Every structure is written in C-alpha cells, then in structure tokens.
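Shown next, in structure tokens, is the structure this report addresses.
The values are calculated or read from the model by the stated rules, or taken from the named source; none is laboratory data. Worth saying up front: this structure is predicted, and the values here are computed from it rather than measured. For neighbour counting, all protein chains shown are included, and Cβ atoms are generated from backbone atoms with ideal geometry for every residue, glycine included. The protein model used for the area step is the full one, side chains on, heavy atoms only, and it has no ligands, DNA or RNA in it. Shrake-Rupley method; radii C 1.70, N 1.55, O 1.52, S 1.80 Å.
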Amino acid sequence: MKGLVIFLLALAVMTGCNSQKDTNGVKSNYKVIEPGATLDDIVEVAANITPSPRQLRWQELEFIAFFHFGINTFTGREWGDGSEDPRLFTPTEFDARQWVRVCKESGIKQVVLTAKHHDGFCLWPSQYTDHSVKQSPWKEGKGDVVKEVAEACREFDLGFGVYLSPWDRNSSVYGDSPKYNEYFMNQLTELLTNYGKVDEVWFDGACGEGPNGKRQVYDWEAYYGLIRELQPEAVIAVMGPDVRWVGTETGYGRETEWSVLPADMQDQELIASDSQTNMNFVPQGDFTKQDLGSRTAIADAKALIWYPAETDVSIRPGWFYHEKEDSLVKSPQKLMDIYFSSVGRNGVLLLNLPPDRRGLIHENDVKSLQGLKAGIDKLYGTNYISDASLKSDGENVEKIKDQDNSTHWISSANQENGVIQVTLPKPQLVDVLCLQENIRVGQRIEKFELEYWDGKEWKVAAKGTTVGYKRLLHFDLVQASEFRIRILESRLQPTIAEVGLYKYPDMY
C-alpha cells in the first residue's frame, strides 16, 4: 500500500495539482491500472484518458516558435562554455516587437525564449549572477531581453514561454547539487514573477560536470512545484510532466502518434540522456521507437497518462544564428511538409527562429515564413465538406463541419467502428484529408480510411492509424463527389470533431 501511495504522489507531481477529474473523481489525464486488469480493461481506461486544461490549451496552439538568442549569436557557436565575455553581446537594432510581429503574421500562437542557454549567460539582469546583459554594453547594461519579448507578446496577443537551461557552464556552484538547485530556483523565480503570465516553461535534459568534477543532480520535483505555484497555467516541456519531446529535431513526428502513453515510459533519465545532447541528433533506441502507445505498448502498463508530443525543428541547420547559413533557410515547401508531419500528426510544431546579430529575425527567415503562411491559408481556404450532404450510422454527423472541435460525431452505441458518407454538390479535385478527434473525451481512433466513388466502385484514397487532435494526409489527387470516411478500429466508440477535404496549395 505504501508503494502505491508513493507512486500516486509521484504521478501527482508529474501531472500537477489541478488536473481534470472524471466522473469517478479520478484525475483524468492519468489513471493507475488496477492489479489483474485485462487488456480490454486497459484499453477502456486508455480511451477515457483526456488532457488537462493546460495541455488542451497548448495543443490547440498547433504552431509555436523558439527564439534561440544569446551570447552564442555573437560567438558563432552552438554551445558556449561559459567563459564568454558579456561585452560580446552587442545587438545593434534589437527589436523584440519585430520578432513577435513576424510570428503573429505567420500564424504562430506562442513563443519560447532562451532566457539562459548552457553557457549560463542570462538575457535578463539576474541578481544572482553577473554573467548577463547587465554586464554588456547593450543599452549601457540596462537592457532586458526577457522583458521586451514578454511585453511584445502581450501587445500582439501571443503566448509567452521561457527556456531556462538546467546546465550552466558558467556557475561556480554547478555540480554542488544543493547550492546549484537553490541558485537555479532563484533564477526560475525571477522569470516566473517579474514578467507577467508565462505559458510554457521549457527544459531540456542536458547535464554535465561542474568545476568540482561532480555531476549535478537536478531537483526536478522542486522545479515543477515552483512552476505550479507561480505559474499554474504554464505547461512544462519537454523535460517535464505536461509535454514530451517527440524524439527527433527534424520536425517529423510519427505517423502513429498516441497522446496516451504508459506512465512508466516517462523515464526522466532516458529523456535527459537523449534530448538535445547533440544539435542534429536523431536519437536511437526504445524511447524513439514508432510504437509508444498501441495496445501492445500499453498491455503491461502500471498507469496511463496523457503526454502529448512537441515536435521541434530549426528553420536553419543550426539553432543559433550563423551568417553562413543565410542561404540554407528551409523553403516554404519544406516548412509545409514539416507542418503536415508535425501539426498533421497529432503534435505541436515548435519552429526555431534565431534572431541575428542585429537583434532581428533575418529577411530570409521572414520570407520563408510568409510563404508558409500563404500556403496554409490557401490550404484551408476552401473546405469542400462545408457544402456537403452527410449520412452516418452514428450520431450528430453535422457536427463534423461546425468548425467547433469541442463538438463531435460519435459512432452508434457500443460500436468501435463507423462510416460517414459525404456527398458534394458536384465533383471536386481533392488531395488532402483533415480529421480531428474531440480529445476532450479522449483519443480513440486506431485505423481509418478515406474512400471515393469513381463511378463504378469505392476506391481507397488515403488511410491512416491515429488521429488525435489533428491528422493531415496528403494523397494522390482524385476527382469525385462521393466520399466516405471509414473508422475501422477504435478504442470504444470513436468520435470525430471536424473533417476537411482540401486541395493542396500550389506553392511554387
């Protein structure tokens, strides 16, 4: 019994104290599996796990940005060693409003700023170290990057997040675990109390030896507790309880992406060893295997938890700005492919936009973002479902086109499959399917197909496995007026909140 209590307390720290509750009073973004539970029992539990309010808000953002900016911007390095002279930090045209305005105009809903990277240089005038902007000539040592970005986010109505590297290669107490944890929490407190609302706190697992030759032991539970106290609506990612790292920095998520995972897979040491240890590292091993949440994967779970994926990638080869990479910015076409493979695979896209030495988002980056935004606008410009006639063997089929992802079609009682038939007023050329589940009641769909009537028979246009918050499939162009969406396998009754049939935009 004591072991179960400890396990429950650990989960409470991991998921936070204000998670949703189901009708049985059990926190619904995780649930302990009862001893002796059958696979059918476990699948039923999995079908009813739902996101916490903070996780739901985050998922609905879909597209967010990272700003890697700091001393590395001026040294040309990706990882600093902490010995850099703060006087090197000399942006000549710094404009946080330009950063955030570019994001707003690109459809980005939230930003995360590298307030402190591994080199320990702070973009705010921390009272706990001199290794910060207050020792730079920028604004005569009176500047505060964090403040200006936070204020710009409020002006443009974007979410604001901070990245605070646990690894600090400048701090003399790093490696003296109690002293450094106190230092780190003091800095975290500054960020969470001096800059208004914080919507995301982003940690990676980078860890090294301190000057004393000892490896720092991070007090993650204390960090999480402090964040929950000071900014209770903030999600903690990716070395945290709310949001996980997808496992690659390419921008491509899994084709089968479950948000409900075995809680015992949340191995913090494993995440720490894999996440961000190399700049272009595509990790190998069990944590990044394709099957994280299938029936097989959850069959022996001790508990299940809602733990969605954030898919990060940089618009350039590096994470910090380097002039030599000005010609290597990802094209709008590449960014659209990444969008389909991140947002369109039940993830949130975290796209890094590294400001340059002027303190501006570079023109080449802006141009690519503008191209991406134009492509996304064209994609969603005409949804042929809007004027379609619908038939279904389930309930509330008209909800799939009401543009409200909190309402849904649901299959007939006790049916783990279902069919929605779509009749367009006239034949249309389409090659994109968008499906959304109402994740407020869980993620359930395991296998689906889109079929079209070619005048003689039904043919498969596209097929997939998981849906989750959003699934986008780009398939070979077909022209038809009759389509049907077939849910072939599901955990309990499947739901569909929204459906889209689109034509992929010409981006050339």
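What is the list of residues in region 469-504 whose amide nitrogen lies under 20 Å from a point 7 angstrom out from the Cα of E457, following Cα to Cβ?
Once the point is set 7 Å along Cα→Cβ of E457, 476-486 turn out to lie under 20 Å by backbone N, inside region 469-504.
To the nearest 0.05, how large is the calculated FRET efficiency for D291 and R57 if R₀ is 25 Å and r is the Cβ-Cβ distance? Let's see the in-between values first.
Details: r = 28 Å, r/R0 = 1.13.
After rounding to 0.05, the efficiency reads 0.35.
Whenever you get a sec, compute what percent of the accessible area on region 86-237 sits on carbon and sulfur atoms (1.4 Å probe). Intermediate values should be presented prior to the final figure.
Working: 2620 of 5870 Å².
Ligands and nucleic acids excluded, carbon and sulfur give 45 percent.
Suppose all protein chains stay in the model; what accessible area per residue would a 1.4 Å probe give for the chain, in Å²?
40 Å²
Counting DSSP beta bridges with both partners in the chain, what percentage is antiparallel, nearest 5?
On the way: 49 of 78 bridges.
If I count the DSSP bridges inside the chain, around 65 percent turn out antiparallel.
What ranking do 65-71, 79-85 get when scored by the average of other Cβ atoms within 10 Å per residue, highest first?
Details: 65-71: 25.1, 79-85: 16.3.
My ranking of the peptides, most packed first, is 65-71, 79-85.
From the helices alone, meaning DSSP H stretches of at least four residues, give me the mean residue ellipticity at 222 nm for the chain, per-run term -39500 (n - 2.57), in deg cm²/dmol to the nearest 500. Could the numbers behind the result be given before it?
Details: 12 runs with 125 residues, N = 508.
So the calculated ellipticity at 222 nm is -7500 deg cm²/dmol.
How high is the relative contact order of the chain? Use alpha-carbon pairs under 8 Å, at least six apart in sequence, and give a whole percent. Mind dumping the intermediate values first?
Values: 1155 pairs, mean separation 81.2, N = 508.
Relative contact order for the chain comes out at 16 percent.
Taking the Cβ of E446 as the centre, find all other residues whose Cβ is under 11 Å away and add up their charges (Lys, Arg: +1; Asp, Glu: -1). Mind dumping the intermediate values first?
On the way: positive: R295, R444, K447, R491; negative: E416, E489.
So the environment of E446 carries a net charge of +2.
Could you give the radius of gyration (one decimal) and Dmax (whole number) of the Cα atoms in region 389-502, in Å?
Over region 389-502's Cα set, Rg and Dmax evaluate to 13.0, 39 Å.
Relative contact order (percent) for region 42-160, with alpha-carbon contacts under 8 angstrom and 6 or more residues of separation?
Values: 154 pairs, mean separation 32.8, N = 119.
RCO, region 42-160: 28 percent.
What percent do you get for the relative contact order of region 388-508 when only Cα pairs under 8 Å and 6+ apart count?
On the way: 323 pairs, mean separation 44.9, N = 121.
Relative CO of region 388-508 lands at 37 percent.
Less than 18 Å from a label point 7 Å out along the Cα-to-Cβ axis of K179: which backbone N atoms in region 189-233 qualify, by residue?
Answer for this model: 208-219.
Quote the accessible area belonging to S177 in square angstrom, nearest 10, computed with a 1.4 Å probe and with ligands, DNA and RNA left uncounted.
Accessible surface of S177 is approximately 20 Å².
If one computes the Cα centroid of region 185-205 and of region 465-508, what distance in Å separates the two points?
Rounded to whole Å, the Cα centres lie 39 Å apart.
Return the carbon/sulfur percentage of the accessible area of region 389-502, one whole number, probe 1.4 Å, all protein chains in place.
On the way: 1980 of 4810 Å².
Carbon with sulfur: 41 percent of the solvent-accessible area.
Could you give the distance between the Cα centres of region 401-450 and region 40-97, to the whole Å?
Centre-to-centre distance over Cα atoms comes out at 32 Å.
Heads up, I need the accessible area for Y321: 1.4 angstrom probe, whole protein in place, Å², nearest 10.
Spelled out: Y321, probe radius 1.4 Å, area about 20 Å².
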